[in-house]
Amino acid sequence: MNTGTAHHYLASDKEFDDLFPVHIQQLSAIHWTPLNVAAVAARFLVQNAGARIIDIGAGVGKFCIAGSMYAGGTYTGIEQRKNFVTIGNKVIKQLGLENVSLIHGNFTELDLRGYTGIYFFNSFHENLVFSDALDNKVEMSGELYELYNAHLLRQLHAMPVGTRLATFWLSVTEIPDCYKLLGSHFNNLLKLWVKER
């Protein structure tokens, strides 16, 4: 399938979600990034063709796949659930997207400094509210929430000046003050940041 053909999946969230198995589609309304949010975030994160975007807790890669079609750039999604990575990479291959990949792992094992932009849809939240968990395939706890947050803050501090960050469903207080808020959308749920110092 060529990229032009693939773009028809951007017509609606339902069209897009139909790419995935039914049990994945059922998670979409709460757990996957809506297409209108992906479009705004991707266009902010991708400032040039060389942009390299990382999605932390990528699930089946909806943001990465849609973002690549909206704005170009190269997208990597990291996800702890191997079954999600397998499903997402199958769809990526089906769509013929060469600038998107999903990797199986924990983001604490990854150096974010190789990326120019970061997308974060509060993937740690399920460690606090178990009823919001995607499934029971990974360990969850309040201690992990604290560990992941602390690690992300350290990584954000270490990023070079000019790094772009898009957060969805995340409190402002969780972002270091070296990042400047440039804009917010969708009732302040999507926030766009740049590292200034």
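Quick notes on this one:
- For segment 41-59, the candidate set comprises residues that are within 10 Å of the chain's Cα centre (by Cα) and of a type in the set (Val, Ile, Thr); within that set, the residue that is farthest from Ile87 (Cα to Cα) is Ile53.
- Gly61 under 24 Å from Ser12 (Cβ atoms) and surrounded by 24 or more Cβ atoms within 10 Å (Cβ to Cβ): yes
- Every condition in (1) of a type outside the set (Lys, Arg); (2) surrounded by 14 or more Cβ atoms within 10 Å (Cβ to Cβ); (3) more than 15 Å from Glu79 (Cα to Cα); (4) at pLDDT 95 or above holds for Tyr119 except the one numbered (3).
- Criterion violated by Asn89 - all others in (1) farther than 22 Å from Glu15 by Cβ; (2) of a type outside the set (A, V, I, L, M, F, W, C); (3) out of contact with any helix residue (DSSP H, G or I) (no Cβ under 8 Å at 6 or more places or on another chain); (4) modelled with pLDDT of 95 or more satisfied: (1)
- Among the residues of segment 45-59, those identified as assigned to a loop (DSSP other than H, G, I, E, B), modelled with pLDDT of 95 or more and over 20 Å from Tyr148 (Cβ atoms) are Val46, Gln47, Asn48, Gly50, Ala51.
- Residues being in contact (Cβ under 8 Å) with a residue 40 or more places away in the chain and either among the aromatic types (Phe, Trp, Tyr) or in contact with a Phe, Trp or Tyr (Cβ under 8 Å, 6 or more places away or on another chain) (or both) - total across segment 95-116: 5
- Extreme residue, nearest to His104 (Cα to Cα), among residues of segment 38-53 that are surrounded by 24 or more Cβ atoms within 10 Å (Cβ to Cβ) and in contact with a strand residue (DSSP E or B) (Cβ under 8 Å, 6 or more places away or on another chain): Ile53
- The residues of segment 27-40 that are closer than 16 Å to Thr167 by Cα and more than 10 Å from the chain's Cα centre (by Cα), listed by number, are Ile30, His31, Pro34, Leu35, Asn36, Val37, Ala39, Val40.
- Leu19 being more than 18 Å from Lys137 (Cα to Cα) and in a loop (DSSP other than H, G, I, E, B): yes
- A count restricted to segment 67-92 and to residues that are small (Gly, Ala, Ser) and in contact with a Gly (Cβ under 9 Å, 6 or more places away or on another chain) stands at 4.
- Any hit, segment 95-105, residues being in a helix (DSSP H, G or I), modelled with pLDDT of 95 or more and not β-branched (Val, Ile, Thr): yes
The values are calculated or read from the model by the stated rules, or taken from the named source; none is laboratory data. Since the model is a prediction, treat every value here as computed from it, not as a measurement. No Cβ is skipped: glycine too gets one built from the backbone with ideal geometry, and neighbour counts run over all protein chains shown.
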